[in-house]
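Down below is the structure, laid out as structure tokens.
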Amino acid sequence: MIETLETAIREPGHTFNDLDPNIEAFIEQHLFGEAEGKTLDGGFSIRIKPMGRSAVQRFRSRQVDAVARKRALPDLYLRYVWERCNAGSDAYPDKFLETEPHWCGDVYTAAELERAGTWLLERELIDGVKMANSDAPIRAKITADGEDVIEGGRSVHDPAPSARGSSHFMTSIHGGNVQIAQQSSHVTQSQDNRSGAAAALELVDAVLAQVSELPAAQQVSVNSAAEELRGEAEGHARESVLQQLGNKVFTAAVVAGATAGSNTIAAQLMPHLAKLLHAIGVG
């Protein structure tokens, strides 16, 4: 869809002859543009509206966000290592690259993956066999801490709920400024004030990145659900609605991926959905 909008922006009056009807409907329903000048053989041009230009700008801004791109890869790779180890096998970086992991359609490079592997190794989330010419394992295994991240539905960038081997414990409080455990010196108090709206927008970004390479027909329903969630997050940000729409866009992405033959989308998006539910006090 993004490519269609960009073509219409770049070439005003361009005739689209074989455009998927679902994409045409999606563009018009979301006020991204309007079909005009239809010919007898079904061709037409698209007059772009301001919201269409904004949609393209948002996507391309995400695509060139170097910080977001770099932060996303360790989560993707750790999930892959966990999946391989859970299946009784080690994880190999070159095999991971064969799956073409990407950020908004741009595939990660071997150098980026090595940096991500080194980052995970330094934080003891993975372990494995190293070679003299690589700082990251060429054959990786998940560690107990890495398992905790994945199975706890967290991102590698989230703080751990407690320090392994420590006598401290962490209590998270959703909402107000409640004071606890004033008599104990062995308690770390943490108030989780992360915005549900911010977590919802993060889920939207992750969903759009995951489905960007799917066939256009499969993207339509996902994009629609993603825009619904974005609208709520940027508007009222009601917790019950964020929960409903978060589950809706997650399901739409998983179904779209399965239809297109991809069975990895659920695993990639689950940490983002879990973060949203946690932020609004559900998970």
inquiry  = Can you go through Ile126, Ile142 and tell me which one is in contact with a Ser or Thr (Cβ under 8 Å, 6 or more places away or on another chain), open to solvent by less than 40 Å² (accessible area, probe 1.4 Å) and under 21 Å from Gln268 (Cβ atoms)?
reply    = Ile126
ask   = Among the listed residues Ser190, Ser212, which satisfies the condition of being hydroxyl-bearing (Ser, Thr, Tyr), under 23 Å from Lys275 (Cα atoms) and modelled with pLDDT of 50 or more?
value = Ser212
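Conditions (1) touching a helix residue (DSSP H, G or I) at 6+ places or on another chain (Cβ under 7 Å); (2) assigned to a helix (DSSP H, G or I), marked per residue:
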| site | (1), (2) |
| --- | --- |
| Leu19 | yes, no |
| Ala25 | no, yes |
| Glu34 | yes, no |
| Thr39 | no, no |
| Gly42 | no, no |
| Gly52 | yes, yes |
| Val56 | yes, yes |
request  = Look at Trp119 and say whether it is aromatic (Phe, Trp, Tyr), over 23 Å from Leu273 (Cα atoms), touching a residue at least 40 places away in the same chain (Cβ under 8 Å) and open to solvent by 40 Å² or more (accessible area, probe 1.4 Å).
outcome  = yes
note = The condition of being open to solvent by 50 Å² or more (accessible area, probe 1.4 Å), part of a loop (DSSP other than H, G, I, E, B) and at pLDDT below 75 holds, among Ala181, Ala132, only for Ala132
key: Criterion: under 15 Å from the mean Cα position of the chain (by Cα) and in a helix (DSSP H, G or I) - qualifying residue of Gln268, Gln243   = Gln268
key: Enumeration of residues in the stretch 242-259 that are buried (at least 20 other Cβ atoms within 10 Å of the Cβ) and within 14 Å of Ala199 (Cβ to Cβ)   = Leu242, Leu245, Gly246, Val249, Phe250
message = Take the residues in the stretch 220-229 that are of a type outside the set (Val, Ile, Thr) and open to solvent by 20 Å² or more (accessible area, probe 1.4 Å); name whichever of them is nearest to Arg69 (Cα to Cα).
response = Glu227
ask   = With Ala209, Ala237, Ala217, Ala198 as the choices, which residue is surrounded by fewer than 18 Cβ atoms within 10 Å (Cβ to Cβ), of a type outside the set (S, T, N, Q) and under 14 Å from the mean Cα position of the chain (by Cα)?
value = Ala198
query = Counting only residues that are among the charged types (D, E, K, R) and either touching a residue at least 60 places away in the same chain (Cβ under 8 Å) or over 16 Å from Gly146 (Cα atoms) (or both), which one in the stretch 64-92 is most open to solvent (accessible area, probe 1.4 Å)?
reply = Lys70
key: Selection within the stretch 23-59 - closer than 30 Å to Pro101 by Cβ and either without any contact (Cβ under 8 Å) to a residue 12 or more places away in the chain or of a type in the set (Gly, Ala, Ser) (or both)   = Gly52, Ser54, Ala55, Gln57, Arg58
key: Count of residues meeting criterion [within 17 Å of the chain's Cα centre (by Cα) and more than 11 Å from Leu208 (Cα to Cα)] in the stretch 221-234   = 5
task = With respect to Val204, determine if the residue is in a helix (DSSP H, G or I) and modelled with pLDDT of 85 or more.
result = yes
request  = Evaluate the stretch 44-63: report whether one residue or more is surrounded by fewer than 16 Cβ atoms within 10 Å (Cβ to Cβ), at pLDDT 85 or above and touching a Ser or Thr at 6+ places or on another chain (Cβ under 8 Å).
outcome  = no
ask   = In the stretch 99-121, how many are part of a helix (DSSP H, G or I) and acidic (Asp, Glu)?
value = 2
query = Do you know which residues across the stretch 260-273 are open to solvent by 30 Å² or more (accessible area, probe 1.4 Å) and either touching a residue at least 40 places away in the same chain (Cβ under 8 Å) or aromatic (Phe, Trp, Tyr) (or both)?
reply = Ala260, Ser262, Thr264, Gln268, Met270, His272
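The values are calculated or read from the model by the stated rules, or taken from the named source; none is laboratory data. Bear in mind the structure is a predicted one, so any value in this text is a computation, not a measurement. Counting neighbours? That spans all protein chains shown, and the Cβs are built from the backbone with ideal geometry, glycine included. The area values use the complete protein model at the heavy-atom level, side chains included, leaving out ligands, DNA and RNA. Shrake-Rupley method; radii C 1.70, N 1.55, O 1.52, S 1.80 Å.
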